[in-house]
Amino acid sequence: MQPLFDLHTHTIASGHAYSTLKENIEEAARIGLKALGTSEHAERMPGTAHRMYFMNFKVIPRELNGVIIYNGIEANIYGEKGEIDVHPSIIDRLDYIIASMHLPCIENLGEAGNTKAILGAIENPKVTIIGHPDDSRLPIKMDEIAAAAAECHTALEVNNSSMHPLNFRENAKENILEMLDYAKKYKTNIILGTDSHICYEVGKFDRALEVLEESAFPEELVVNFEMDRLPLVLNKTE
């Protein structure tokens, strides 16, 4: 099966990406995606968009070129309790929140501390996706993460960009395979994300699909394969 939507994408608003929202939408339409999410980095990431950017989502049409547009954010987990840098003034304007650990925004807390931080984010009812929990520079107890995500109905991301040969995340494929094994055990929902930082990456899930096949991962636990599953990762208060 082929993914029908991509919710982890960035534009020039994130400060270190190279395409506009218009270019991303046009690429999504060209390759036949049904929906596209824009998820700029939240405020602790150096160079990212100002808070006002997220407050003005009303100007973006819900559908363009046959593609449904969802407006999210990639929040930074910045503390051991799972704190995220999404200001209360914008949190209810977001269709979804991806919560991720990025080394520019948090130091390595050790396996126990990193795990506690992600568990805290999973327990946040506004967080619908945990982004790229696959970097050995930020080690975690994957068993605990997958179990908690299943219990809280939070999706774990298979990040296509993490497995790029030039990506700086360490042991991503091995960690993703471990995550998928535990996701099968606990029946945890998985979402594929490109983490695209240029329009040519939007909707390109080649590495993610390969790792699903290698893991023999059940299709029914992959959110992107059916549009009816999209609400599983949208704001729970919608």
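Nothing in this text is a laboratory measurement; each read-out follows from the coordinates by a stated rule. In this text the structure is predicted, and so the values were computed from the model without any measurement. No Cβ is skipped: glycine too gets one built from the backbone with ideal geometry, and neighbour counts run over all protein chains shown.
Details
- Order of ILE176, ILE91 under a 10 Å beta carbon neighbour criterion, fewest first: ILE91, ILE176
- Beyond 19 Å, the tail of the calculated P(r) for segment 135-238 holds 43 percent of the Cα pairs.
- Cα shape, segment 160-203, gyration tensor, a/c 1.5 rule: oblate
- Of the peptides 131-140, 11-20, the order by per-residue mean of other Cβ atoms within 10 Å, starting with the highest, comes out as 131-140, 11-20.
- Debye, to nearest 20: dipole size of the chain, +1 on Lys, Arg Cβ, -1 on Asp, Glu Cβ: 560
- Spin-label pair HIS16/LEU64, simplified geometry with 7 Å Cα→Cβ offset, distance in nm: 2.5
- Sites matching chymotrypsin sites (Phe, Trp or Tyr not before Pro) across segment 130-232 that sit in DSSP coil, with at most 13 neighbouring C-beta atoms within 10 Å: PHE168
- When DSSP beta bridges are restricted to pairs lying wholly in segment 5-233, around 10% turn out antiparallel.
- A simple spin-label model places the labels of GLU226 and MET1 0.6 nm from each other, with each point 7 Å out along Cα-to-Cβ.
- Fluctuation leader among SER215, SER162, SER89 - the chain, Gaussian network, Cα springs under 10 angstrom: SER89
- Protection proxy ranking of 217-224, 144-151, by the mean of other Cβ atoms within 10 Å over each peptide's residues and highest first, is 144-151, 217-224.
- Shape category assigned to segment 129-184 from the gyration tensor of Cα positions, a/c cut at 1.5: prolate
- Radius of gyration over Kirkwood radius for the chain, both on Cα atoms: the Rg/Rh ratio is 0.92.
- Segment 182-238 and segment 63-104: distance between their alpha carbon centers, rounded to Å: 17
- Within segment 1-78, the trypsin sites (Lys or Arg not before Pro) that combine a DSSP coil assignment with at most 12 other C-beta atoms in a 10 angstrom radius are ARG62.
- Extension gain, GLU170-ILE198: 0.36 nm per intervening residue step, less the Cα-Cα distance, totals 7.9 nm.
- Antiparallel DSSP beta bridges within segment 1-108, as percent of all bridges there, nearest 5: 20
- Treating r as the C-beta distance of LEU103 and ASN56 and R0 as 25 Å, the FRET efficiency rounds to 0.25.
- The residues neighbouring GLY131, those whose beta-carbon lies less than 12 Å from its own, together hold a net charge of -4 under the Lys/Arg +1, Asp/Glu -1 convention.
- Net charge of Cβ neighbours under 12 Å - reference ALA148; Lys, Arg +1; Asp, Glu -1: -2
- Additional length obtainable on full extension of the chain from GLU213 to ALA112, 0.36 nm per residue less Cα span: 33.3 nm
- Computed [θ] at 222 nm, deg cm²/dmol, the chain (DSSP H ≥ 4; -39,500 (n - 2.57); rounded to nearest 500): -8500 deg cm²/dmol
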